[in-house]
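First up is the structure itself, then whatever we jot down about it.
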Amino acid sequence: TIEKVHAREILDSRGNPTVEVDVYTGHGFGRASVPSGASTGSNEALELRDKDDRYNGKGVLDAVENVNSTFAKELLGMDVRNQREIDELMIALDGTDNKMTFGANAILGVSMAVAKAAADSLGMQLYRYLGGTNAFALPVPTMNVLNGGKHAGNELSIQEFMIQPKGAETYSNALRMGAETYHALGKILEDKYGGSATNVGYEGGYAPNISMTADALDALVSAIDEAGYTESEITIGLDAAASEFFENGKYSIDGNMLTPAELVDYYLELVDTYPILSIEDPFHEESFEDFAALTSEAWDTIIVGDDLFVTNVNRLAKGIEMDAANALLLKINQIGTISESLDAANLAMRNGYSVVVSHRSAETEDAMIADISVALGADLIKTGAPARSERTAKYNQLLRIEEDLGDAARYVQL
Ligand code: PGA
Ligand code: ZN
C-alpha cells in the first residue's frame, strides 16, 4: 500500500523546471520525472506552469503542490498495483478533458512513480511488471542525429533526421551501429561545413547551419556509408513536425511554399531517392485527409502520427477510421497517465498500427520509456542522438533489459 507520495521541482535538459515524484510503499520505492516538449501539439494535455517571476514563468511549484496536498492524501493506503484505479482517481479529481485543474505534469509524475513503486514492491523489473511474460522484444532505436526546425538554430524545416539500424542482429549491435554512424556524420559535417557544424540541438543531434533538406539527407547517407553500413542495414526516419512550417495553408520548405498536394509529391520523391523508412507528422496536426493521402501512396513507408494523435484514443480512433497513418507516436506526457498511454498503444496495435515510443525534446534522467517500449513490444523507440545523458539514459536502460532477458531477448524485425 502507498504510504507516502512526495513531489519536488527539479530541472530538465533544457534547464527548465519539471516535476519529480517519489512514491513509497511498505516494501518499495518509485521515483519518476516528467519530460516536456518544444514543438508541442495543440491537443496535448496541459502542462501546468506557474507563470510568475521565477524561471521566466516556467516554474512548476503549483503542480508540485497539487501532488503534495491533494494526491498525496487521496492515494494514501491505496494498493500501489492498482495502476488503473489510481490513474482514474486522479483523472476524476481533475475533472477536465486536458487535465488543466492539476496539470498533466503533476498527474503523470504520480502515475509513473506509482508504476515504478509497484514493480519495486514486487521485486520485478519495470518492463516485466508492465509487460508480463510477453515482454521480450527490444525495439529498433530511431536516433535523431541531425536537428532542425524548433530544435535547432538553423533553417532546416524538417525537425528531425534519424537513423534506424534495423538490420542489426541484436539491440546492442544496433546501438553500436548508430553511435558509429553518428560519429561518422560529425566528421563529414565538420569537413564540409566547419567545426561549428557539430554543435548540437535539443536532442543531441548535430545542428549544422544548412537549410536544404537534401543536404541533410545526403550527409546522413554518406555517414551510413562511411561507417561501413548499407542502406538496408540502416534506414532513415524523418520527423517533419510540419505544423511548425505551415503558413496560411501552405508549407514553407527548401525556400518554396508548397500546397498539401505538392508536399505529398515532395515526400514521395524523397522516399524514392533516399532509404527513408518512416515519416512523422508530414502535415499540419489537423490535416487528417492529407495524412491519409500520403499514407495510401507511400505504401511501404511508416507514417507516424505525433501531434496528429497526441497519444489520445479519440484522435487515434479518428485516424484509424480515416486510414490517416500506420503508426502511433507514444508520448506519455501528451496524455498524462500510464494507463491512458497503454490504452492508446493497445488501440494502435489492435488496428495494425506500429507503435513508436518517444521521449520529448526536454528530458530528464528518467528512463521509464525504455521499459515501456519493451513492455509493449513496440517496433521503434525514439529517444534522440546516441549522445547526451538524458538521451543515453534510455538507450542504456535498453542494454540492461537486453542483458536481463539473456537468451530470451529478441530484436524487433521491421
Ligand atoms: P517535442 O519534439 O518534444 O519538442 O514536441 C519531439 C517531436 O516532435 O517528436
Ligand atoms: Zn514529432
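Coordinate-derived values only; no laboratory data. If you're wondering where the values come from, they're calculated on a predicted model, not measured in any experiment. In this analysis, Cβ positions are derived from the backbone assuming ideal geometry, glycine residues included, and neighbour counts consider all displayed protein chains.
If N is the number of residues in region 33-99, what value comes out of its Cα radius of gyration divided by 2.2 N^0.38 Å?
1.28
Per DSSP H run of at least 4 residues, take -39500 (n - 2.57); add these up for the chain, divide by its residues and hand me the 222 nm value, nearest 500 deg cm²/dmol.
Taking each H run of at least 4 residues, the total per residue is -11500 deg cm²/dmol.
Using a simple spin-label model with points 7 Å from Cα along the Cα→Cβ vector, what separation in nm is obtained for TYR55 and THR133?
That separation, rounded to one decimal, is 4.4 nm.
Out of all DSSP beta bridges in the chain, what portion is antiparallel? Express it as a percent rounded to 5.
Counting only bridges with both partners in the chain, antiparallel ones make up about 60 percent.
Only Cα pairs under 8 Å and at least 6 apart count here; give the relative contact order of region 155-253 as a rounded whole percent.
Over region 155-253, the number comes to 45 percent.
Give me the percent of DSSP beta bridges within region 251-383 that run antiparallel, rounded to the nearest 5.
Antiparallel: roughly 20 percent of the beta bridges in region 251-383.
Counting pairs of alpha carbon atoms under 8 Å apart in space and at least six apart in sequence, what relative contact order in percent does region 38-110 give?
RCO, region 38-110: 42 percent.
Testing the spin-label approximation: label points 7 Å from Cα along Cα→Cβ at THR273 and LYS192. State their distance in nm.
For THR273 paired with LYS192, the spin-label model returns 1.2 nm.
Which of the peptides 17-27, 156-166 is most tightly packed, and how do the rest follow, going by the mean number of other Cβ atoms within 10 Å of each residue?
So the order, starting with the most tightly packed, is 156-166, 17-27.
Provide the FRET efficiency to the nearest 0.05 for the SER69-HIS27 pair, computing r from the beta carbons and using R0 = 22 Å.
0.25
Of all DSSP beta bridges located in region 144-260, what percent are antiparallel, nearest 5?
Of the beta bridges lying entirely in region 144-260, close to 95 percent run antiparallel.
So which lysines pass the test for LYS116, namely a Cα distance under 18 Å, with those fewer than 8 places away in the same chain ruled out?
LYS4, LYS331, LYS394
If you wrap region 299-367's Cα atoms in a convex hull and average its projection over all directions, what's the area in nm²?
One quarter of the hull surface, i.e. the mean projection, equals 4.8 nm².
Rounded to two decimal places and with Rh computed the Kirkwood way over Cα pairs, what is Rg over Rh for the chain?
Checking Rg against Rh, the ratio lands at 0.96.
Would you mind putting 104-114, 310-320, 76-86, 207-217 in packing order, based on average other-beta-carbon counts within 10 Å, highest first?
104-114, 310-320, 207-217, 76-86
Among PHE136, TYR193, HIS183, flag the residue with its Cα farthest along the positive direction of the charge dipole of region 104-210, charges on Cβ as +1 for Lys/Arg and -1 for Asp/Glu.
Looking along the dipole axis, the top candidate is PHE136.
Can you give the Rg and Dmax of region 123-265 based on its C-alpha atoms, in angstrom?
17.3, 56
Please identify the GluC sites (Glu not before Pro) of region 166-215 that satisfy two criteria: DSSP loop assignment and at most 11 other Cβ atoms within 10 Å. Which are they?
In loop regions of region 166-215 (DSSP not H, G, I, E or B), the sparsely surrounded GluC sites (Glu not before Pro) are GLU169.
Of ALA387, GLY109, VAL80, which is farthest towards the positive pole of the chain's charge dipole, taken about the Cα centre with +1 and -1 on the beta-carbons of Lys, Arg and Asp, Glu respectively?
Comparing the listed Cα positions along the dipole, VAL80 ranks first.
Based on Cβ point charges of +1 for Lys and Arg and -1 for Asp and Glu, what charge dipole magnitude is obtained for the chain about its Cα centre, in debye rounded to the nearest 20?
1220
Rounded to a whole number of µm²/s, how large is the Stokes-Einstein D of region 342-386 at 4 °C and 1.567 mPa s, given Rh as the Kirkwood radius over C-alpha pairs?
In µm²/s, the coefficient rounds to 116.
Relative to the present Cα-Cα distance, how much length would full extension add between GLU231 and ALA317 at 0.36 nm per residue of separation?
Result for the pair: 27.6 nm of gain on full extension.
Using 1/(1 + (r/R0)^6) with R0 = 35 angstrom and r between the beta carbons of ASP79 and ARG400, what's the FRET efficiency to the nearest 0.05?
Computed FRET efficiency for ASP79 and ARG400: 0.80.
Taking the mean number of other Cβ atoms within 10 Å as a proxy for protection, how do you rank 35-41, 408-414 from highest to lowest?
With the highest mean Cβ count within 10 Å placed first, the list reads 35-41, 408-414.
For region 285-414, just say rounded, prolate or oblate: build the C-alpha gyration tensor, square-root its eigenvalues into a ≥ b ≥ c, call rounded for a/c under 1.5, and beyond that prolate if a/b exceeds b/c, oblate if not.
Here region 285-414 falls in the prolate category.
Express the relative contact order of the chain as a whole percentage, based on alpha carbon pairs under 8 Å and six or more residues apart in sequence.
That works out to 20 percent.
How large is the Kirkwood hydrodynamic radius of region 20-137, counting all unique pairs of alpha carbons, in Å?
When all Cα pairs of region 20-137 are included, the Kirkwood radius is 15.2 Å.
Which value in nm describes the separation of the simple spin-label points at THR96 and ARG14, placed 7 Å from the Cα toward the beta carbon?
About 2.0 nm separates the two model spin labels.
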